[in-house]
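Below is one structure, written out as structure tokens; the observations come after it.
The values are calculated or read from the model by the stated rules, or taken from the named source; none is laboratory data. Nothing here was measured: the structure is a model prediction, and the numbers come from that model. Ideal geometry is used to build each Cβ from the backbone, glycine not excepted, and the neighbour counts take in all protein chains shown.
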Amino acid sequence: MPDIIFRDGTVHQNQWVVVPRPDAGESLDIPENRRALIPADLWLAGREHFVGKAHIGVWFDSHDEPEILAGHVNELPVIAVNFPKFSDGRGYSIARLLRERFGYDNELRAIGDVLLDQLQFMKRCGFDTYELRPDKDIRKAAGALNFFSQGYQAATDTDLPLFRRRAS
Amino acid sequence: MYVYDEHDRQMVAERVAQFRDQTQRALAGELAEDEFLPLRLQNGLYVQRLAPMLRICVPYGMLRSVQLRRLARITRDYDKGYAHFTTRQNVQLNWPALEDVPDILAELAEVEMHANQTSGNCIRNTTTDQFAGVQSDEITDPRPYCEIIRQWSTFHPEFAFLPRKFKVAVNASEQTDRAAIRLHDIGLQIVRNDAGDLGFRVHVGGGLGRTPMVAPVIREFLPELDLLTYLEAILRVYNRYGRRDNKFKARIKILVKALTPQGFAEKVEAEWAHIRDSPTRLTPEAIQRIQAYFTEPAYGELDNASDLLAQQRFENRAFDQWLQHNVDTHKKPGYAIVSLTMKKTGTPPGDVTDKQLEQIADLADEFSFGEVRVTHQQNVVLADVRQDRLLELWQLLGPMGFGTANLNTLTDIICCPGGDFCALANAKSIPVAEAIQRRFDNLDFLYDLGEINLNISGCMNACGHHHVGSIGVLGVDKKGQEFYQISLGGSSQHDASIGKILGPSFARDEMPDVIAKIIDVYVNKRTAEETFLDTYRRVGIDPFKERVYA
């Protein structure tokens with residue numbers, strides 16, 4: 001399994017496996033003895049069963065609505081957001097909503113078509129772990145996460161847009 | 001005009017370093033073409049028919065003389081010695097080499113310029129009225145708000161990969177709209193409410209291209225301090241729900257239409273309710289801080305030079321014509337707003353040589369406090385010229401090629417680069433513009449016709465704004481042949497409207513005659529006071545159709 005990058009740029013062994021959405025009529029195939037990320041709506045449907053299990057997290061696809069987990073987000077150890085294509089920017093909004101609107105405090109992970117040049121945007125929007133696409137050079141991740149020393153906007157990473165910092 | 005502080009400087013420098021790294025990785029094969037594509041686009045770099053094209057950002061059209069001189073040098077050192085003013089107040093180079101672009105960006109950064117977000121599916125350069133700050137009828141100077149939007153939208157972490165490009169324009173005059181705000185993704189009209197508070201009327205979902213639309217109002221009054229949180233709410237709704245399955249249906253106008261303006265507005269209001277008091281909410285101090293960069297230059301205490309000008313006009317008919325057409329009233333007594341037309345027949349509209357860029361810089365220093373504005377009609381404005389020096393200025397303009405007194409006439413053509421340069425174009429546009437300019441070379445006749453906007457686009461993408469021309473020309477491809485479709489009755493002003501297609505298209509060599517027939521109909525049908533658009537709106541398209549297809 002590919003390694004995972006933390007927001008400080010360090011590389012760690014990945015503990016979580018992403019369980020794909022089952023085909024219609026099929027049931028969810030959660031592996032034994034592994035930490036698993038399952039589709040968020042299916043977790044919600046089976047919440048009675050899953051809640052409190054430290055080895056079960058969820059993932060959202062880019063067209064999913066994070067609103068479905070409002071009020072439950074902190075019952076989850078990990079939430080992942082899938083970037084089906086790196087140029088699909090919906091995941092950034094999903095991340096900010098999870099963090100800023102629904103108050104999610106635990107690990108938020110970017111999965112899918114995760115490349116180097118988008119890492120800092122992801123970090124600013126509240127992602128704190130990143131599953132880089134395996135063909136990309138993971139040693140360059142730390143640099144890519146911190147290419148810009150500041151930004152103009154408030155986002156998940158700061159309450160101080162530049163116009164407020166300038167005033168102080 | 002805005003001046004960078006250490007924060008702006010640092011971010012632009014980091015951006016140059018980032019793009020240098022990205023270019024190296026692309027050249028080394030570490031970045032696939034489709035991965036590099038949005039990165040280079042967001043740094044202004046297209047790959048075009050003949051060479052890459054670099055679109056350099058001119059925030060809301062403002063340029064200092066030092067920046068013009070740097071542009072001139074860059075066109076000499078890295079390009080073929082000329083540049084092109086675009087219809088969104090930017091500047092384009094047509095021949096840079098890919099590997100030189102990081103160096104060009106570094107040279108631009110030295111004079112507080114960049115090419116950030118001039119292309120790609122992100123928030124583009126915010127544009128405004130080229131007469132901002134010097135006209136008497138504006139509610140307040142729109143440029144500080146443009147700068148505030150520029151900073152907010154630059155490298156916005158949530159909105160770097162939108163469904164499609166996104167353009168914002170701001171207008172502050174109640175009488176005129178030189179920024180064409182109702183044809184933008186977001187158009188902001190600065191207004192005062194009944195209580196006298198400053199705010200914005202928010203239009204969303206305008207645009208040209210394949211599906212032209214005039215933007216409906218989604219909020220009548222947005223208080224000033226709520227500007228950025230409301231923009232963030234609009235962008236978030238668009239980012240989440242704009243279509244990503246079909247490039248031609250991905251602009252926000254399609255979403256607004258699908259949800260209806262009211263349905264869209266409700267979604268935005270619901271989102272905004274959550275974030276309106278977030279740290280992104282502006283403060284009076286933040287606005288004042290930016291406004292402090294847009295204070296008046298050191299105007300002299302002058303009277304209007306009415307007598308002097310009257311005498312000069314009497315003695316010199318050509319000067320009189322130029323004054324009447326290319327010079328506008330300034331809010332300050334004794335000053336005038338001068339438009340330099342980049343529309344000399346034989347030169348592609350908006351094209352300027354390195355030498356001309358330097359001449360414009362010299363004129364700016366000598367006559368207008370060292371600043372100019374680029375207009376979306378591809379002209380250049382000296383906004384603060386002393387009336388008693390207009391004659392002196394005019395005498396310099398003729399030899400430079402900027403003195404053609406055809407502003408807002410039929411030959412002040414808006415024209416995209418077209419098939420001569422652009423990979424997207426179906427047809428050439430520049431030769432059509434030139435043929436029409438040659439056909440209508442009698443200034444007196446042009447003046448008699450009054451205000452007519454003739455806009456030419458080489459393809460559906462409508463960079464030449466053909467939908468909003470009084471007369472619009474669109475290049476189309478018919479079985480590999482270049483043809484031109486005509487539309488009539490467009491406007492980008494407060495009365496914005498999309499032109500109506502006249503009928504089957506024409507070959508290029510027919511175009512001057514066809515335009516002449518259209519003009520004939522107008523001349524025959526008009527009343528004394530009517531502009532072309534007035535007459536068209538009164539008589540409709542049929543008389544034009546009958547004459548042209550007779």
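Working only within the stretch B:227-264, note down all residues that are assigned to a helix (DSSP H, G or I) and either of a type in the set (D, E, K, R) or at pLDDT below 95 (or both). Show your work before the answer.
If we filter the stretch B:227-264 for residues that are assigned to a helix (DSSP H, G or I), which is where we start, we get B:227-241, B:247-249, B:252-259, B:261-264.
Passing the criteria: B:GLU232, B:ARG236, B:ARG240, B:LYS247, B:PHE248, B:LYS249, B:LYS253, B:LYS257.
Regarding A:LEU162, is this residue surrounded by 20 or more Cβ atoms within 10 Å (Cβ to Cβ), modelled with pLDDT of 95 or more, more than 8 Å from chain B (Cβ to nearest Cβ) and on the phi < 0 side of the Ramachandran plot?
Values: surrounded by 20 or more Cβ atoms within 10 Å (Cβ to Cβ): yes; modelled with pLDDT of 95 or more: yes; more than 8 Å from chain B (Cβ to nearest Cβ): no; on the phi < 0 side of the Ramachandran plot: yes.
Judged against the criteria, A:LEU162 is not a match.
Inside the stretch A:142-155, can you point out the residues that are more than 8 Å from every other protein chain (Cβ to nearest Cβ) and crowded, with 21+ Cβ neighbours inside 10 Å? Before the answer, list the steps.
Here is the first cut: in the stretch A:142-155, the ones more than 8 Å from every other protein chain (Cβ to nearest Cβ) are A:142-146.
Result: A:ALA144, single match.
Considering only residues of the stretch B:213-229 that are within 19 Å of the chain's Cα centre (by Cα) and surrounded by fewer than 23 Cβ atoms within 10 Å (Cβ to Cβ), which is nearest to B:ALA258 (Cα to Cα)?
Applying the filter and picking the extreme gives B:MET213.
Table: residues versus (1) more than 13 Å from every other protein chain (Cβ to nearest Cβ); (2) buried (at least 24 other Cβ atoms within 10 Å of the Cβ); (3) at positive phi.
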site	(1), (2), (3)
A:ASP64	no, no, no
A:ILE68	yes, no, no
A:HIS72	yes, no, no
A:PHE86	no, no, no
A:TYR92	no, yes, no
A:ASN106	yes, no, no
A:ALA110	no, yes, no
A:LEU115	no, no, no
A:GLU131	yes, no, no
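Of everything in the stretch B:130-161, what is within 7 Å of another protein chain (Cβ to nearest Cβ) and part of a helix (DSSP H, G or I)? Give them in sequence order.
B:GLN151, B:TRP152
Quick check on the stretch B:77-96: of everything there that is farther than 18 Å from B:ILE360 by Cβ and at pLDDT below 90, which residue is farthest from the chain's Cα centre (by Cα)? Reasoning before the result, please.
Filtering the stretch B:77-96 down to residues farther than 18 Å from B:ILE360 by Cβ leaves B:77-78, B:80, B:87-88, B:94-96.
Retained after the next criterion (residues that are at pLDDT below 90): B:87-88, B:94-95.
Working: B:THR87: 4, B:ARG88: 3, B:ASN94: 18, B:TRP95: 22 Å.
Across the stretch B:77-96, the extreme among qualifying residues is B:TRP95.
How many of the residues in the stretch B:17-45 are assigned to a loop (DSSP other than H, G, I, E, B), crowded, with 20+ Cβ neighbours inside 10 Å and facing another protein chain (nearest Cβ under 9 Å)?
So the count comes out to 1.
Working only within the stretch B:1-16, note down all residues that are free of Cβ contacts under 8 Å to residues at least 24 places away in the same chain and more than 8 Å from chain A (Cβ to nearest Cβ).
Pass one, the stretch B:1-16, residues free of Cβ contacts under 8 Å to residues at least 24 places away in the same chain: B:5-7, B:10, B:14.
Across the stretch B:1-16, the qualifying residue is only B:GLU6.
Among helices (runs of 4 or more DSSP H) lying entirely in the stretch A:11-98, which contain 1 or more residues that are within 30 Å of B:ARG164 (Cα to Cα) and β-branched (Val, Ile, Thr)?
Values: elements: A:40-45, A:47-50, A:90-96.
Hits in the stretch A:11-98: A:90-96.
Can you pull out the residues in the stretch B:514-550 that are farther than 16 Å from B:ILE452 by Cα, touching a residue at least 40 places away in the same chain (Cβ under 8 Å) and not in a loop (DSSP other than H, G, I, E, B)?
Residues satisfying the conditions are B:LYS545, B:VAL548.
Given the condition away from chain A (no Cβ under 14 Å), at pLDDT 95 or above, in contact with an Asp or Glu (Cβ under 8 Å, 6 or more places away or on another chain) and over 23 Å from B:ILE254 (Cα atoms), answer yes or no: does some residue in the stretch B:165-172 qualify?
Taking every residue of the stretch B:165-172 in turn, at least one turns out to be away from chain A (no Cβ under 14 Å), at pLDDT 95 or above, in contact with an Asp or Glu (Cβ under 8 Å, 6 or more places away or on another chain) and over 23 Å from B:ILE254 (Cα atoms).
Can you tell me which of B:ASP495, B:ASP444 is part of a helix (DSSP H, G or I) and exposed (fewer than 15 other Cβ atoms within 10 Å of the Cβ)? So that I can check it myself, show each step before the final result.
Numbers: B:ASP495 fails: part of a helix (DSSP H, G or I).
Exactly one residue qualifies, and that residue is B:ASP444.
Residues being in a loop (DSSP other than H, G, I, E, B), at pLDDT 95 or above and more than 10 Å from every other protein chain (Cβ to nearest Cβ): count how many of those fall in the stretch B:276-296.
Counting residues in the stretch B:276-296 that are in a loop (DSSP other than H, G, I, E, B), at pLDDT 95 or above and more than 10 Å from every other protein chain (Cβ to nearest Cβ) gives 2.
For every residue, the table says whether it meets (1) within 14 Å of B:GLY350 (Cβ to Cβ); (2) of a type in the set (Val, Ile, Thr); (3) not in a helix (DSSP H, G or I).
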site	(1), (2), (3)
B:ARG55	yes, no, yes
B:LEU68	no, no, no
B:ILE74	no, yes, no
B:GLN89	yes, no, yes
B:PRO102	no, no, no
B:LEU105	no, no, no
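Could you check, for the stretch B:264-275, whether at least one of its residues is within 27 Å of B:GLN377 (Cβ to Cβ), in contact (Cβ under 8 Å) with a residue 12 or more places away in the chain and more than 14 Å from chain A (Cβ to nearest Cβ)? Break it down into steps so the answer makes sense when it comes.
Initial filter on the stretch B:264-275 (within 27 Å of B:GLN377 (Cβ to Cβ)): none.
The answer is no; no qualifying residue exists.
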